[in-house]
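These notes concern the structure reproduced below.
The values are calculated or read from the model by the stated rules, or taken from the named source; none is laboratory data. These numbers come from a predicted model, not from an experiment. Heads up, the Cβs are rebuilt from the backbone with ideal geometry, glycines too, and the neighbour counts pull from every protein chain shown.
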């Protein structure tokens, strides 16, 4: 063996010598064939062994240096096709491939154990040989010394008793700054053998908002001049963590200011603690008219009726808001509640009719509505969905299985909806802003690799024969790079190595998913509910939980998730809890202490009504039902089960593209198209000028009473004195002897186009 090593050592020296005669680049044409023969013998017996045991780890020492130096970045050698023939994995997610590239590829010319300083790996990095990426570190640096020693020791793939990294911790985990102050953080990696080490010098640092706080390559953070909070993202190889940064205002309110605030439940306590830290102060409670309109829209997806508004405003009892919440969530409103919730989850679950067929999509829609009408616990609903089997013409959830027929597709879909994790980036490479790898991606997909199918399916655009889907043991998912058969494994969880081979992996996964202690499941759902109530989630986007996108109030999110799980995954319980909080009941009017807050919920955020809610509201007010294709004459837009049904109004107001694959998240922002549609739509004009008993009756009532009724129907409040005067002045423009209805139509039209009507405030 020693003799075999000696010859390639000389060969390495020859290659280094030839580099000097070829402009610093090894000349393949000039190299004797014998040299490459010897090199081949060396490489086939790699790792190269020196006389003494290796001490430098390729994964724990060399790759972190190359990652920190930028070699493993997507803009350098980790591009899809590499750089100048040298291809590495992004963030070194594939160490075996990286090792082959460095030691074996290009005839082994990148390293020279007999003369480590002449290794191309070091010459390029120090720019001693021209390097497109310029100098990455100095020759006298610690980085250089470590890589040189690794090469000199024989460039081993591994060392004896080599531990694996298990995670990183940042200290301190949170930092409070004065304006323009600089502080440092320390990064520590923990290993499987119980040891740890400081890897600050090997870590990469990124600011989520450089204007708020910037960070240099060594972890020195400098705060800006604007109060608030944000995060610094820390990456060590494939490990990611975040540091919360707070810049309080120059003058904080006294602590007793917050302790004296009324609190309805623990939500308020956790929110006010965060406000105190940031120097925010909550807005005043909203008015009763604002509350009944906001709560009814958020729970039932409709406006309060005229009678409901009048009764609530007239009620003088101190607990009337609590009673209203109980009524909204009570059995008398379960159909409206279910239709509204089903509309949201229809966007997330509903496949394209032309892909799956009409009947399967309809059955899935009806199944969703039934589950929400019955207030089925979330864990049971999701379990039924994930473990569905049978005919697409008999059982709605099978449509989801049929639509996501590839295990990888189903894996992405489930992770995003029920874990709040976007795994799709890890399909091809390590997730750029998280710790998920290809192994995580395909291990997750392995839970869905045993489904079998029979049947012809659809004959688009109508249903053909039914398809049958069922579990059958023996399915497998292989890694596209290693070709290894993947063992089912959820993210951030050990592999299920002891799973019964005859058991349906989907059911095993569902059991893991719906456990109370699962860190993903409850958190993902309560964050969605929070976003529905407040306009944005504690984590935003709602389905993008990651270390580099931390929640704005982590203690609040964790408490809500724990409470949700402990109360049987009852969605109505969590909704009721939120509605009863003073945080939810805040006014949308800012004060001097929260005027700039758009992420910490120190005031209510105004939100545009969903298209279906807005259309139903206009139809209800005008007394002119919308004619919806394929639905009964008195059906509401909220009852649509297919986005292919034509509606210019709903298209303008942001319903999902019918051809888009679920999950489909909607944008809540307004647009010029929406404003023009409300002002100029023929459909709206026809509703106003049609046979509306309400509008006809208005003209017969005393003007003050009729104006009050309009405001109560649209805004759940009575008009202010100036509003009433403006309305009366317009009504007075009626020509003598002419009908007054056009003036009433104009008045209603102008209010339908107001921000107060189209926004939930």
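Criterion applied to 662, 632, 590 was being assigned to a loop (DSSP other than H, G, I, E, B) and farther than 23 Å from residue 359 by Cβ, and the one residue passing it is 590. Checked against (1) within 21 Å of residue 328 (Cα to Cα); (2) more than 25 Å from the chain's Cα centre (by Cα), residue 588 passes all but a single condition, namely (1). Search region 298-318 for residues that are over 27 Å from residue 531 (Cα atoms) and pair each with any residue that is assigned to a helix (DSSP H, G or I) when their beta-carbon atoms are under 7 Å apart and the residues are at least 6 apart or on different chains. Cβ pairs passing all conditions: 306/709; 306/712; 306/713; 310/712; 313/288; 313/289.
Residues in region 243-278 that are over 30 Å from residue 573 (Cβ atoms) and in a strand (DSSP E or B): 243, 245, 246, 247. One residue stands out among those in region 407-436 that are outside any helix (DSSP H, G or I) and crowded, with 21+ Cβ neighbours inside 10 Å: the one that is modelled with the highest pLDDT, which is 420. Against the list (1) within 27 Å of the chain's Cα centre (by Cα); (2) assigned to a helix (DSSP H, G or I); (3) at pLDDT below 95, the condition residue 577 fails is (3). The set of residues in region 356-366 that are buried (at least 22 other Cβ atoms within 10 Å of the Cβ) and assigned to a helix (DSSP H, G or I) comprises 356, 360, 361, 364, 365. Here residue 753 passes the criteria (1) free of Cβ contacts under 8 Å to residues at least 40 places away in the same chain; (2) exposed (fewer than 15 other Cβ atoms within 10 Å of the Cβ); (3) in contact with a helix residue (DSSP H, G or I) (Cβ under 9 Å, 6 or more places away or on another chain) except the one numbered (1). Among the residues of region 237-250, those that are surrounded by 23 or more Cβ atoms within 10 Å (Cβ to Cβ) and touching a strand residue (DSSP E or B) at 6+ places or on another chain (Cβ under 6 Å) comprise 243, 245, 247. For region 518-537, the tally of residues that are in the same structural domain as residue 556 (by TED's automatic domain parsing) and part of a loop (DSSP other than H, G, I, E, B) stands at 3. Determine, yes or no, whether residue 477 is surrounded by 15 or more Cβ atoms within 10 Å (Cβ to Cβ), within 30 Å of residue 565 (Cα to Cα) and touching a residue at least 24 places away in the same chain (Cβ under 8 Å). Spelling it out, it is not the case that residue 477 is surrounded by 15 or more Cβ atoms within 10 Å (Cβ to Cβ), within 30 Å of residue 565 (Cα to Cα) and touching a residue at least 24 places away in the same chain (Cβ under 8 Å).
With the requirement that a residue be part of a loop (DSSP other than H, G, I, E, B), in contact with a strand residue (DSSP E or B) (Cβ under 8 Å, 6 or more places away or on another chain) and farther than 29 Å from residue 425 by Cα, what does region 73-132 give you? Steps first, please.
Here is the first cut: in region 73-132, the residues part of a loop (DSSP other than H, G, I, E, B) are 73-82, 84-85, 87-89, 93-94, 105, 109-115, 119, 126-132.
Adding the requirement that they be in contact with a strand residue (DSSP E or B) (Cβ under 8 Å, 6 or more places away or on another chain) leaves 76-77, 105, 110, 132.
110 - this is the single residue of region 73-132 that is part of a loop (DSSP other than H, G, I, E, B), in contact with a strand residue (DSSP E or B) (Cβ under 8 Å, 6 or more places away or on another chain) and farther than 29 Å from residue 425 by Cα.
Exactly one residue out of 143, 137 is in the same structural domain as residue 117 (by TED's automatic domain parsing), part of a loop (DSSP other than H, G, I, E, B) and buried (at least 17 other Cβ atoms within 10 Å of the Cβ): that is 137.
Pick from 445, 484: which is out of contact with any helix residue (DSSP H, G or I) (no Cβ under 7 Å at 6 or more places or on another chain) and at pLDDT 90 or above? Walk me through it before giving the result.
Values: 445 fails: out of contact with any helix residue (DSSP H, G or I) (no Cβ under 7 Å at 6 or more places or on another chain).
Testing whether each residue is out of contact with any helix residue (DSSP H, G or I) (no Cβ under 7 Å at 6 or more places or on another chain) and at pLDDT 90 or above leaves just 484.
Taking the criterion of being surrounded by fewer than 16 Cβ atoms within 10 Å (Cβ to Cβ), on the phi < 0 side of the Ramachandran plot and not in a helix (DSSP H, G or I), the residues of region 703-739 that qualify are 720, 732, 733, 734, 735, 736, 738, 739. When each of 190, 119 is tested for being surrounded by 15 or more Cβ atoms within 10 Å (Cβ to Cβ) and closer than 29 Å to residue 242 by Cα, the lone residue that passes is 190. When 97, 51 are screened for being under 27 Å from residue 441 (Cα atoms), surrounded by fewer than 19 Cβ atoms within 10 Å (Cβ to Cβ) and modelled with pLDDT of 50 or more, only 97 passes. Checked against the criterion of being over 24 Å from residue 372 (Cα atoms) and either under 33 Å from the mean Cα position of the chain (by Cα) or touching a residue at least 24 places away in the same chain (Cβ under 8 Å) (or both), region 630-645 contains not a single residue that satisfies it. When the residues of region 591-613 are filtered to those that are buried (at least 23 other Cβ atoms within 10 Å of the Cβ) and more than 30 Å from residue 643 (Cα to Cα), which remaining residue is nearest to the chain's Cα centre (by Cα)? Among them, the one singled out is 601.
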